[in-house]
1. Only one of these is touching a residue at least 24 places away in the same chain (Cβ under 8 Å), surrounded by 12 or more Cβ atoms within 10 Å (Cβ to Cβ) and closer than 15 Å to residue 113 by Cβ: 48, 83. Name it.
2. Answer yes or no as to whether residue 46 is under 20 Å from residue 109 (Cα atoms) and more than 13 Å from the chain's Cα centre (by Cα).
3. Of all residues in segment 88-127 being part of a loop (DSSP other than H, G, I, E, B) and under 16 Å from the mean Cα position of the chain (by Cα), which is surrounded by the fewest Cβ atoms within 10 Å (Cβ to Cβ)?
4. Go through segment 100-125 and report how many residues are over 21 Å from residue 60 (Cα atoms) and touching a helix residue (DSSP H, G or I) at 6+ places or on another chain (Cβ under 7 Å).
5. Would segment 56-70 turn up any residue that is free of Cβ contacts under 8 Å to residues at least 40 places away in the same chain, surrounded by fewer than 13 Cβ atoms within 10 Å (Cβ to Cβ) and under 25 Å from residue 8 (Cα atoms)?
6. Tell me which of these residue 46 doesn't satisfy, since it passes every other one: (1) in a helix (DSSP H, G or I); (2) touching a helix residue (DSSP H, G or I) at 6+ places or on another chain (Cβ under 9 Å).
7. Scan segment 1-24 for residues that are surrounded by 13 or more Cβ atoms within 10 Å (Cβ to Cβ) and outside any helix (DSSP H, G or I) and jot them down.
């Protein structure tokens, strides 16, 4: 997969989910937008979990730990470049390493992820 394919297939989903890592709690409007974009992609909960853990968290958690990071809103272009770069290298041992350490990279936003998945379950009529 090349960079353009990644942007076409995942770009809007990644950007929709990025607010999970901001310094503020996502608003109901943020959550509604996330659910809407997720539904457009038709992904399962399992697929979403792996996107969260392997495609997003390794990049996004660095923003949380950085003193000079964005806190209120991300620069979409810069963020997309970082996400594409990470995901183009996400093969073999790197994929396995991120899977192994994904608990550490997701723990600071896991409560937000759970809240999002609950909203998605309600939307899908699964609860």
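Quick note: the coordinates plus some simple rules give every number you see, no bench work behind them. Predicted model, so just to flag it, every value in this text is computed and none were measured. Counting neighbours? That spans all protein chains shown, and the Cβs are built from the backbone with ideal geometry, glycine included.
1. On the way: 83 fails: closer than 15 Å to residue 113 by Cβ.
Checking each option against the conditions leaves just 48.
2. Values: under 20 Å from residue 109 (Cα atoms): yes; more than 13 Å from the chain's Cα centre (by Cα): yes.
For residue 46, the condition - under 20 Å from residue 109 (Cα atoms) and more than 13 Å from the chain's Cα centre (by Cα) - is met.
3. Taking segment 88-127 as the starting set, the residues that turn out to be part of a loop (DSSP other than H, G, I, E, B) are 89-91, 107-109, 125-127.
Then keep just the ones that are under 16 Å from the mean Cα position of the chain (by Cα); that gives 90, 107-109.
Details: 90: 16, 107: 11, 108: 15, 109: 23.
Residue satisfying both the conditions and the ranking: 107.
4. To start, the set of residues in segment 100-125 that are over 21 Å from residue 60 (Cα atoms) comprises 118-125.
Subsequent filtering for residues that are touching a helix residue (DSSP H, G or I) at 6+ places or on another chain (Cβ under 7 Å) retains 119-120, 123.
Here the count works out to 3.
5. So far as segment 56-70 goes, no, none of its residues is free of Cβ contacts under 8 Å to residues at least 40 places away in the same chain, surrounded by fewer than 13 Cβ atoms within 10 Å (Cβ to Cβ) and under 25 Å from residue 8 (Cα atoms).
6. (2)
7. Once the filter is applied, which keeps residues that are surrounded by 13 or more Cβ atoms within 10 Å (Cβ to Cβ) and outside any helix (DSSP H, G or I), segment 1-24 yields only 22.
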